[in-house]
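Report on the following structure.
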Amino acid sequence: MRRKGLRDRLVLVAALAAVLTAAALGAPASAQGPQRLVVYTYDSFAAGPAQAIKDGFEALHPGVEVVFIAPGSAGEALARVIAELAAGGTDADVLVGISDTQLPRAIDRGVFLKLDRSLLPNLAKVPAQLDFDDTGHVVPFDHGYVTIIYDSRVLSTDDLPQSLEELTDPRFRGKLIAIDPRTSSVGHAFLMWTIAEYGDPGYLQFWERLLPSLLTVTGGWSAAYSQYEAGEAPMMVSYSTDTAAGIYYADSDHSRILTPNGQAYQQIEAAGIVAGTDVPELAHRFLDYLLSEEVQSLIPTANWMFPVNAHTPVPDFFAEYAVIPDNPVRLDPRLIEENEQRWLREWARLITGQR
Amino acid sequence: MVHDTRHIASIMKPGAGGSTVGRRNRWLALLLLLPAAVLLLFFFYLPVATALLEGFREAPGSASLSLRRFVSLLADPYILSLLRFTAWQAFLSAALSVVIGIPLGYLLANRSFPGKSIVTSLVMVPFVMPAITVALGFLVMYGTNGWFNEGLASLFGFKVRVLNTLWAIVVAHAFYNGPLVARMTQGAWERLDPALEESARTLGARPLAVWRDVTLPAIAPGVVSGAVLAFIYCFMSFPIVLSLGGARFSTLEVEIFTLMRVLLDYETAAALAAVQAVVSLLFAYVFLRLEGRAPSLFASARARRPRPLGGKARDGWLWVCLAVLLVFFGGPMLSIVVDSVRDPAGGVSLRAYERIVSEGHDFHLGASPLRTIQNSLRYGAIAAAIALFAGACFVYTTVRFVRRRLPFLETLSLAPIAVSSVALAYGLSVAFRGPLSLVPQDVRIPLVHGVLAFPFVVRAFRPVLEGVDARLIEAARTLGAGRWRAFVDVELPMAATGLLVAFALCFGLSVSETTATLMLARPEQVTMPVSVYRFLAARDFSAASAMAVLLMAVTGGVFLLAELLAAWVRRRQGGKTDA
């Protein structure tokens, strides 16, 4: 009786072990062979235009394999490169998606190789005001505008705030969803906008006046958007391409764009070559391909940003509904680098009531 | 029946009446501690030390060390207020988890009802849900226009605000951790011999006295184990806090994240992460000390036989409990299912599911949806195997050889979940490029998940192993069984629930982990929650929900299989005791 019990259990253990081993061996090891170009990027870029870019670039360069790695947000992709560099080397050859505000720190940490601009002929098609990096480490590949979107089914046109200041009006009590500048680039852009508008100590007083209008300040864009779509509040901090995206995905244009005084905060996303790459020439060709009309025409509906190449055709509905503000707002990245820690800390103290 | 007298006599403290540890046993004990030591030393303490050392540097990259960052952090009233709030919300969350966990644990240990295995597996599923999915589930469930408020409005004519308050955070944390406490309580409860309570009652004790003097001390190790894990887990939480409560309720982890990922100030981040780890482990230590002081422990040879949840009047409140718990846990999960079949253009459709299983869909670059499922299952299985092996050896040694409470060592074994995940991810990526670069890429993620799951195995396995009467093993050994045979024949089946829960927690932890995974993953190593985040990033909300449903279904299925397996083992064990 006892022996049989033991045997049964051994059979059970063996079966479990077999299942685990089978599961462990399920996937084959990845193939080695062609010349690899490893691109670190953020997840929505990986989920958006990356596959088409990979296919297109590999078709142009037989024998080259493009590998996209997306460790999360743009900040997380940069963090992984920096951590890997600190340990003596990274796989990344190219980083796609560094924001203009994080660039000074990344350059200070030695992340990027200086570019040879003669290898980037497509850069000539990018307007000078978008080619912001005067240190020559990165090239812009798209730009977008952070502003307020509103639900036109709830707020009528004559009821809308005409300025940032009017957002603090009691009639908008609990009507706005903001996003945390510490954890989200959209939230960060909005905070920078208020600093550009109200100046250094002035922005804090504005946020203090704004507090009653805030329903909440979420950690990321998705959480904010879900609450907005569920009708928790009729306004949120978001992108000026949202109406176009709503039409594209859900055939619905109820989300509309506000550009108070023709303003919205400009974000420019850039790409650079990671220091220590052993394929610098191929990496340059990749950056130039990123600026070609072929890739730039993917940017509107695959990344919901605006192309930087002025020769790029955009779809009609995008041209009609995606808004480029008359007066884009932008802070000097060096100014941001010098003050960001204090600004974020002051902002967090105000929001948590710990001033 | 000799049972009764023997069981009343079996009230004993663990370790009482044990023989001294012999020389041979000492070697065996050391050997059994080896897997845990290797695992934690190389894949946790080494990378964490690398990361946290930055906090002691005089300046970035400098070799001279100082404590000045710690001094200025601890003198900063803002940091102290973050620390206070972080501890407070974690305490409230752990408390609510206990309030939910005890009745649920009672139900699972003492009653049988149709579909019990499914309910048991279902309540563990929240543990694997990505934070953003839980936030969405809570929005549909508790939002202003959510099911809960619509129900309130139609029944009583008013609504309450849950979302974006401290309560949303606490309730969401209990949604994650209540089942954890319940399953650990269940494990301890099942090992409490019903005869003890019966004899206390026969001797004239009032129900409250029986509960206080017999039941509570017996289940305390399980409850405390669950509560300690819940506390640490909530102490480290941040996506849930920011998504459901908002930035007004910032925790320390948000500050660490900001320093590390936005400001790239690794040194201050490391110092703060060290403070955070020490504080949460200090709390854990105090809990474990309190548990060690519990009046007495009861060891039992006989598992209790759950009786059917019946129509008797005294079972009425249990039905109510069951119903409330089903709504509490099932509601947010069901709302994700509903969201996944909602067509953006109106109506119901399965198009989101078609999108996530279609091959060649370009959202995942090198990892088809099928591959992401396979990855998640594989990492979960290996991580669980690693953590179960190392953890079971560790617990067996401390319970059977040391036979003393070692709160300090036990606290250290909890460290993997008490260190900031962004700091740990940084340390790991440095370590795998340096001293650990020889570790093959394919096993890195499961190894790290195994380390993170280790504390769960220790906490889940320990209370049940302690509940197994040491004299039974001695009896088995007197009859000629070796230590291994005694372990396999006597202790293993009796500790089945504990091991099962440990497995589910390890598997769940691995399946849901994203921070370290993203830091280490190659493109083809995409897992299911990463895929959920990627669909969200691409604004495909219904596909994200569909992938989350798939994640819940797959892990729920694994839990159910494990549950059925354990039920089978228990039935065989039960049959043997009767024979």
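FYI, it's all coordinate maths here, none of it is from the lab. Please read these numbers as outputs of a predicted model, since none were measured by experiment. All Cβ positions, glycine included, derive from the backbone under ideal geometry; neighbour counts span all protein chains shown.
Values computed for the structure shown
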item	result
Cα gyration tensor category, rounded, prolate or oblate, for chain A with a/c compared to 1.5	oblate
Choice from A:Gln227, A:Gln341, A:Gln102 showing the highest fluctuation, given a GNM over chain A with Cα pairs closer than 10 Å	A:Gln341
Chain A: most fluctuating residue of A:Phe68, A:Phe317, A:Phe57 per GNM, C-alpha cutoff 10 Å	A:Phe317
With Cα atoms, 0 to 90° folded angle of helix A:333-351 axis to chain A main axis	80 degrees
DSSP H segments from chain B that extend 20 Å or more along their own axis, Cα-based, with Kyte-Doolittle mean of 0.5 or above	B:23-40, B:77-110, B:166-190, B:216-236, B:266-292, B:316-340, B:369-396, B:441-466, B:496-512, B:541-578
Placed amide H near B:Arg57: partners under 5 Å, 5+ positions off or other chain	B:Ser66
Tilt relative to chain A, helix A:74-86 - C-alpha long axis, 0 to 90 degrees, to 10	50 degrees
0 to 90° range, to nearest 10: angle between helix A:280-290 axis and chain A longest Cα axis	50 degrees
Restricting segment A:133-209 to GluC sites (Glu not before Pro) in coil, as DSSP defines it, with at most 11 other Cβ within 10 Å	none
Exposure proxy ranking, count of Cβ atoms within 10 Å, fewest first, for A:Trp347, B:Trp167	B:Trp167, A:Trp347
Residue among A:Asp108, A:Asp278, A:Asp116 with the largest mean-square fluctuation in a Gaussian network model of chain A, springs linking Cα atoms under 10 Å	A:Asp108
Under 5 Å, built H, 5+ apart or other chain: amide partners of A:Arg36	A:Glu65
